[in-house]
Structures are given as C-alpha cells and as structure tokens.
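Quick notes on the structure that follows.
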Amino acid sequence: VQLVESGGGLVQSGGSLRLSCAASGFTFSTSYMAWFRQAPGKVREFVAGISRSGRNTLYADDVKDRFFISRDNAKNTVDLQMNSLKPEDTAIYYCARTPRYDRDYRLRTSYDYWGQGTQVTVSS
C-alpha cells in the first residue's frame, strides 16, 4: 500500500490550494479515504473523509464550507480543495485509508495506512 500526497505549499491568507493523494497497492474503490492534518505541537486531527463511492463526505467543523474532498476511483486519487485558507490551517496534511466498515472515521485509529504528508503554510 502506498499513499503519496502532493500539492502543498505556501499561500496567503484567503487563498486556495488543492492537495492530491495518489494511491497504489490496493483496491482503491473498496477503501474509505480521509485527510488529516497535524500542526506543530498538536495532535493529528481529522479534516475530511469520503465514502467508497464518493457520495458521502464528512468534514471537521472548522473546515466545513471551505474545504471539499473528492475522489476518482478510475485514477485512484483523492483530492482536497482548500479555499479561504487561514493561518490556523497551517499544518502537515496526511492522506489515510481504511478498508473497514462501521468505523468512526474521525478517529486516527480507524486508519491503517498513511501517506508521508505534505506541508501547507498559510501566511497572514
């Protein structure tokens, strides 16, 4: 299993970035996918998740209506469109997957594979 994130960078407050996660080594369409983030000195937190079909999404309260998760099961990718970025969005963003059902998808412990992360820095 391999998850490789890309698209991070430096952006001004109010700007946008699009992260992408390329998956390989497993049947992508059978896994729930999510994005987490970890700021310096803080625990890794849930950002957004998407069901296997892509029909159902889940967001953390502080990114709702600003961030949008999507997936392409034909290309084995999951993206995170981030709009209206704030300095407090600065963190390393990680892609994660779980093949399990009936999990609390907001918990880190629900996921078994993670990417290496991509840095997002939002300047004020």
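The values are calculated or read from the model by the stated rules, or taken from the named source; none is laboratory data. Owing to the predicted nature of the structure, the values given are computational and were not obtained by experimental measurement. Cβ coordinates were reconstructed from backbone atoms using ideal geometry, including for glycine residues, and neighbour counts include every protein chain displayed. Surface accessibility is based on the protein's heavy atoms, side chains included, excluding ligands, DNA and RNA. Shrake-Rupley method; radii C 1.70, N 1.55, O 1.52, S 1.80 Å.
Okay, here's what the table says:
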quantity	calculated
Complete set of residues in the range 78-100 that are farther than 16 Å from W114 by Cβ and not basic (K, R)	D79, Q81, M82, N83, S84, L85, P87, E88, D89, T90
All strands (runs of 3 or more DSSP E) inside the range 33-124 with 3 or more residues being under 22 Å from V4 (Cβ atoms)	45-50, 67-72, 77-82, 91-98, 118-123
Residue satisfying condition, being under 10 Å from the mean Cα position of the chain (by Cα), modelled with pLDDT of 95 or more and on the phi > 0 side of the Ramachandran plot, within set G25, G117, G54, G14	G117
Number of the exception - P99 against (1) surrounded by fewer than 16 Cβ atoms within 10 Å (Cβ to Cβ); (2) farther than 12 Å from A34 by Cα; (3) in contact with a helix residue (DSSP H, G or I) (Cβ under 7 Å, 6 or more places away or on another chain)	(2)
Selected residue (only one of K64, K75 is closer than 18 Å to V122 by Cα, open to solvent by 60 Å² or more (accessible area, probe 1.4 Å) and basic (K, R))	K64
Test for S31: is it over 23 Å from T90 (Cβ atoms), of a type in the set (S, T, N, Q) and open to solvent by less than 60 Å² (accessible area, probe 1.4 Å)	yes
Selection from the range 3-44 of residues that are within 18 Å of D79 (Cα to Cα) and without any contact (Cβ under 8 Å) to a residue 24 or more places away in the chain	T27
Those residues of the range 7-19 which are surrounded by fewer than 19 Cβ atoms within 10 Å (Cβ to Cβ) and part of a strand (DSSP E or B), in sequence order	G9, L10, V11, Q12, R18
Residues of the range 34-61 satisfying the condition of being under 16 Å from R108 (Cα atoms), open to solvent by 30 Å² or more (accessible area, probe 1.4 Å) and not hydrophobic (A, V, I, L, M, F, W, C)	Q38, K42, R44, E45, Y59
